[in-house]
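Each reported figure results from applying straightforward, stated rules to the coordinates on display, with no laboratory input. In this text the structure is predicted, and so the values were computed from the model without any measurement. Note that we place each Cβ from the backbone using ideal geometry, even for glycine, and neighbour counts take in every protein chain shown.
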Amino acid sequence: MKGHFARFLKHAAVYGVGLAGSKFGYLLLLPIYTRFLGPTEFGSVALFTVYLTVIRIVFTLGMNSSLFRSYFEVEEAEQKKRCIATALLSLVFFVVIAFGVTIHFSESLSMLVLSSPHHSRLIALVSLTAAVESLTLIPQSVLRAQEKSILFVAVGGLKILFLVILSFLFLGILDKGIEGIVYSWMGAAILIGLILMPFLARNVSFSFSVDVMKKLLSFGIPLLPSQLAIWFLNYSDQYFLGRFATLDAVGLYSLGFRISLVVNTLVILPFTLEWAPFMLDIEREDDARSIYSKILTYFALFAVSSALFVSLFADVLVRILATPSYYAAASLVPLMALSFVLYGVFNIFALGPTLTRQTIYTSLASCLGAFFALGGYLLLIPSFKSFGAAGSKALGYGLMTAAIFFFSQRLYSVQYEWTRILKIFLGAGTVYAFSTLTATALFPVNVAIKGCLFIMYWVLLYVAGLFSRDEIGYAKSFVVNAAKNLRFVNGGKWDP
């Protein structure tokens, strides 16, 4: 079991480092965009980004998720290659048709996205970008399935590099404006596709299986509502806040959201990237249910700890990054961080529908959460502004997580360690509540107090008996082995 956890942590850590680097890479695009685009053009780029995200979900048809399920159901290498080939050919067929539909309705889509029919050509180019990116998800999914996390991260890094270079070329040199941004997206997608082609060629066979296609579609299509519902939960809050509150409220909310994204980038997303291949790879093992249970406990520990850390230091970060008019944004961070934690728990609980191929329950749970959040936005934002939006989002994720747990336990029962998980959440809530009583205007003192409170949280968990002797011993050996691997000698100096 220890070997499984070590493997999981290793790949999740690689994904975490890669995602953190990606976020930094995307920051490099901002000076290019803001230097060569005006606010109105930059706003149009944001709307094109929303369109690209949604249409890519539709184009993908849930095929990347269904490929995971089918890939791990077969043992022979040739069967896996046939599965990948079938997924790719099926997706190519659908993407060609779907792209043709978007071309036909490009003017209508332009009206929907930008309230003008004059951007139909750019809509077509963004649709083409989405089509190429959808196809590249197949080899990227294979990289994850084979746990080639370093290669997966490297591909993501190359994409950012291409985006930066092409954006500067089309904006700074060729002065193409918004059209140049779209060209850079499309160019980066094509280059990544070309880079992945040799890897894909080694992992496909020249064969197609109708039975495999049916399995892929029966698993992937029911996931589409889930993916769209989660997209709605992630991105609609600021729209409704702008509609029913003020732009000031949107600004505060946006800053709080960006700070809470640290939790998502460093913990939730890396876990999610590794969870699917790990879950499917061990499903036939005798102690699979026990491992799934432990994974939830450890995920809760790391996710809640990171959420607590970001929540404790949110006001510190706001004071460093922004002016006094933004200080109120810090109070929104705990609810937003909690939303990300609940989303991670949702992914673990979704193992029942995934393992039993009944993904309609995943979509049902996601849609319930999205509808609940929508009701909250409509009812709470007019009265509570930013807190109404953040609270509605957290409640939506909470209902979604509770619903998937209800469905999943009836499909694939797992005995989770509820007592330990409760200690983790209660400990974090207690420490955060105490932090609100000890806040001080003295900046250095405030930082010191929050640091002590975070340490106190871990002491509290230890005193509460959260950790077993085996876990403490394993943690010690893990640290020792990590130090040996890094070759820290001579008083901590790096010895190559």
- Task: Throw me the Rg/Rh for segment 1-208, computed over C-alpha atoms with Kirkwood Rh, two decimals.
- Result: 1.01
- Task: At 4 °C and 1.567 mPa s, grab the translational diffusion coefficient of segment 168-231 from Stokes-Einstein with a Kirkwood Rh over Cα pairs, rounded to a whole number in µm² per second.
- Result: 83
- Message: Tell me the net charge near V142. Cut-off is 12 Å between Cβ atoms, V142 excluded, with +1 for each Lys or Arg and -1 for each Asp or Glu.
- Response: +4
- Can you tell me the dipole magnitude for segment 223-480 around its Cα centre, using point charges on the Cβ only (Lys, Arg +1; Asp, Glu -1), in Debye to the nearest 20? 380
- Item | Check: the chain dipole with +1 on Lys, Arg Cβ and -1 on Asp, Glu Cβ, in debye | 560
- Message: Restricting the calculation to Cα positions, tell me the Rg (one decimal) and the Dmax (whole number) of segment 303-382 in Å.
- Response: 16.8, 52
- Just the Cα atoms of segment 1-115, one point each, no solvent: what log10 I(q)/I(0) does Debye give at q = 0.12 Å⁻¹? -0.77
- Item | Neighbour-count ranking [beta-carbon atoms within 10 angstrom, fewest first] of C452, C83, C367 | C452, C367, C83
- Message: Which trypsin sites (Lys or Arg not before Pro) in segment 224-329 sit in a loop by DSSP (not H, G, I, E or B) and have at most 14 other Cβ atoms within 10 Å of their own Cβ?
- Response: R284
- Note on the structure: Here the equivalent ellipsoid of segment 214-332, derived from its Cα gyration tensor, has semi-axes (largest first, whole Å) of 35, 22, 9
- Item | Compactness of segment 223-480 as Cα Rg over 2.2 N^0.38 Å, two decimals | 1.05
- Residues V92, V212, V263, V250 in order from fewest to most other beta-carbon atoms within 10 Å are V92, V250, V212, V263
- Query: If the limit is 20 Å between Cα atoms, which of K80/K148; K393/K450; K159/K393; K159/K215; K423/K476 go over it?
  - Reply: K393/K450; K159/K393; K159/K215; K423/K476
- Item | Radius 15 Å from Cβ of I230, net charge of other residues (Lys, Arg +1; Asp, Glu -1) | +1
- Query: Given the C-alpha centroids of segment 340-379 and segment 152-184, what is the distance between them in whole angstrom?
  - Reply: 34
- Just rank T356, T86, T401, T297, fewest to most, by other beta-carbon atoms within 10 angstrom. T356, T297, T401, T86
- Note on the structure: Per the Cα gyration tensor, segment 64-162 corresponds to an equivalent ellipsoid with semi-axes, largest first in Å, of 32, 17, 9
